[in-house]
Structure formats: C-alpha cells, structure tokens
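In what follows, a single structure is set out as structure tokens and then discussed.
The values are calculated or read from the model by the stated rules, or taken from the named source; none is laboratory data. Quantities reported herein were computed from a predicted structural model and do not represent experimental measurements. Glycine gets a Cβ as well: all are built from the backbone with ideal geometry, and neighbour counts include every protein chain shown.
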Amino acid sequence: MPTPINRSIRPLLLALLLLAAHAPLSGQPPAALLRQGVELGVIHDYEPALDLFGRLSTEYPGRPEGPFYRAAIHQSMMLDFESGEWQELFYADLEEAIHRALQQLRLQPEDAEARFYAGAAYAYKSAQLSRDGKYWPAYRAIQSSLDYLEPLLKEDSTWCDALLGVGTYQYWRSRITIKLSWLPFFPDRRREGIAMITRAAACAQLSPASAWSNLAWISIREKEYDRAIVWSRTGLERYPGSRFFLWPIAEAQFLKGDYSAAIGSYSNLLLSTREAPYNNGYNELVILWKMAQCHERIGENDLARSYYQEMVDCRVAEEVRGRAESKIRMAREWLAAH
C-alpha cells in the first residue's frame, strides 16, 4: 500500500481536475457541448457548467458523461475553494457515472469509451478519498482505475486521457515512495510519468488544462521553477485569470525567490479570491501570508506588517478554522516581534 497522501498535495488533485474524453461516438453527448462545459469549469463559471452537464445527464440517461463531468465540476469547486461543501454531490454524481459505465460494459464489454469513464471515475474517487484521509479505500479505487486505463493504453498508446491518468499515478506514486526506489517493488518512474503527461498535453481534444496544471505543479515539486512558470503561463494565455494557473505561477515565483513577480501574481489571486461567489477565508489567509513574506524578504516591512495584520483580521469559516489557526498565530507573533 502506498504511503498516505497528505491533503496538501494540490498537484495530484489538480491533475485530475477535468479529464477530457475522446471525441464522442454516435449516441453520446456532442463534443462541442462537453468542451463548452469543461472550459466553463476551468474559468470558474461553475453553475452554468453544472447546468449543462445536468442537461446532458438527463438527455443521455445511458451514458456516463453527464454525471462524470458534474462530479468533475464539484471536485473543482472543492479544490478551488478549499471546502468540502459539495462532497456529497460529488460522490453521488461519481457513483452514478460508474454505474452507467459498468451498465454499458455489461452490454458491450469492449466499449473503450465506457472503460475510460469507469477508470477516470475511479481515479477521481481515489483522489477525493486521499484528500479525506481514507487511504486504504483510495488505494483500492486507484487500482480499480488502473484496471481499466492500463489495458486501454496497451491497446492504443495514443489514448490521451488514459495517458494523463496513468502518467499522473506513475509520477505521484514514485514521488511518494522515492526513498524506497532501491527496492524492486518501488521503481522510480517519475520521468516516465512526466513523459506520459507531456504527451497528453499535446493531444488532449477537449481541454489540455489538466495536463498543463499537473505539469506546472510537478515542476514545482521537482524544483524546476522556470518550467513551472512556463506551463502556468501556457494555461493563463488560454484561460486568463484562471486560479488553477495563478496558484502555481505565484508559488513558483515565490520559491524561485522572484518576490516582486510573486507579489503581482498573488495580488491577482487575492482579488480573484475575494470576488469569487464562495470564500471561506482559508485561501485568502494563505495568499495574505505569502504576500507578507514576499514584502518582508525584500525589506518592505511596513507592507509586510499590513498583510500580517490583514491575516489576523481575516475571517475564516468553521470548517477551516483548525487549519487557519497556526498561520494566524504566526502573524500575531510577527506583529508582536516587530
């Protein structure tokens, strides 16, 4: 069983953000509508995306696409807002997608589309279970996912979305077990995983956003900050203002030590977060903390003080109060010392 995955590993989850399906066959939802819904999710227009996929779920009751993408949007909302508010809806849609995919496979066992959606749905389930700290069920879910996705790749090595899912798993499993890579059971397959995700980024048919975001966060984890910035900018050129790319570019600039650039990116992120329809305060607190550190490190203590004070004054919801306490305490300690 892999080492438990910490809930702070944003890259793995963002990698599973919006897996895009192959062009639909006859009797499936039109590719143009799927693409529209996916892109609405990337730019945070969640309600229109949910409405669209809800209609597709009703109009195509035998197909998994509608509930699958509704689950994807709900998970995107949970990641974006650092909240479990939509967890029950996420799991309900996901179970419906799995049910429909398996029903289709009972009728047509070799249906590649149904196999893909079954595998992708189990991957989403694994990611959320890991985030919830349920590591053994998460491990079983990812194994179910691979049971569907790996055979697809053996039959067709160009299947983009299977590449993305399997490559993501290969990288993060190797990253988590890196200290055990000398054992035959835990080979270091990070480079193999990155290569698979990079191939997926070049051939995704509905939206390459998942691959770009994943590669940005992987580059950060590998301390390749310039590469992370390039992937983030690729996403921002296509989806200006998307928080799914503002987060990694700001983090890469911060870790690279380019604090002036990081301040600009975090400022954009702070404005976007405050204007969002849902804000439990946690992301706002983290951004203020980062901005305070940036100003402190370039000697702008007056500005640092203002952001630390905003941290102390930041209102956070009960669901994130426990996670917020340590950062608020650090801000109070800094203010007391300065």
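For region 61-88, a residue qualifies if it is under 24 Å from S145 (Cα atoms) and surrounded by fewer than 17 Cβ atoms within 10 Å (Cβ to Cβ), and the qualifying residues are P61, G62, G84, Q87, E88. Of the listed requirements (1) outside any helix (DSSP H, G or I); (2) modelled with pLDDT under 95, L79 misses just one: (1).
Do you know which of the residues in region 127-147 that are in contact (Cβ under 8 Å) with a residue 40 or more places away in the chain, surrounded by 15 or more Cβ atoms within 10 Å (Cβ to Cβ) and over 20 Å from R70 (Cβ atoms) is nearest to the chain's Cα centre (by Cα)? Checked region 127-147; the qualifying residue nearest to the chain's Cα centre (by Cα) is S130.
Only one entry in A32, A123 is surrounded by 22 or more Cβ atoms within 10 Å (Cβ to Cβ), within 29 Å of Y278 (Cα to Cα) and at pLDDT below 95, namely A123. For region 74-98, a residue qualifies if it is touching a residue at least 12 places away in the same chain (Cβ under 8 Å) and closer than 23 Å to A112 by Cα, and the qualifying residues are D93, L94, E96, A97, I98. Taking the criterion of being of a type in the set (G, A, S) and either at pLDDT below 95 or touching a Ser or Thr at 6+ places or on another chain (Cβ under 8 Å) (or both), the residues of region 239-262 that qualify are G241, A250, A252. If the requirement is being on the phi > 0 side of the Ramachandran plot and under 19 Å from the mean Cα position of the chain (by Cα), which of these qualifies: G241, G299, G235? Of G241, G299, G235, the one residue that is on the phi > 0 side of the Ramachandran plot and under 19 Å from the mean Cα position of the chain (by Cα) is G241. For Y91, state whether it is buried (at least 23 other Cβ atoms within 10 Å of the Cβ) and either assigned to a helix (DSSP H, G or I) or within 20 Å of the chain's Cα centre (by Cα) (or both). Here the answer is no, as Y91 does not meet what is asked. Pairing residues of region 106-126 that are among the hydroxyl-bearing types (S, T, Y) with residues that are modelled with pLDDT of 90 or more and part of a loop (DSSP other than H, G, I, E, B), at Cβ distances under 7 Å and at least 6 apart in sequence or on separate chains, gives Y117/P64. Pairing residues of region 197-217 that are more than 14 Å from E39 (Cα to Cα) with residues that are of a type in the set (D, E, K, R) and surrounded by 24 or more Cβ atoms within 10 Å (Cβ to Cβ), at Cβ distances under 9 Å and at least 6 apart in sequence or on separate chains, gives A200/D161.
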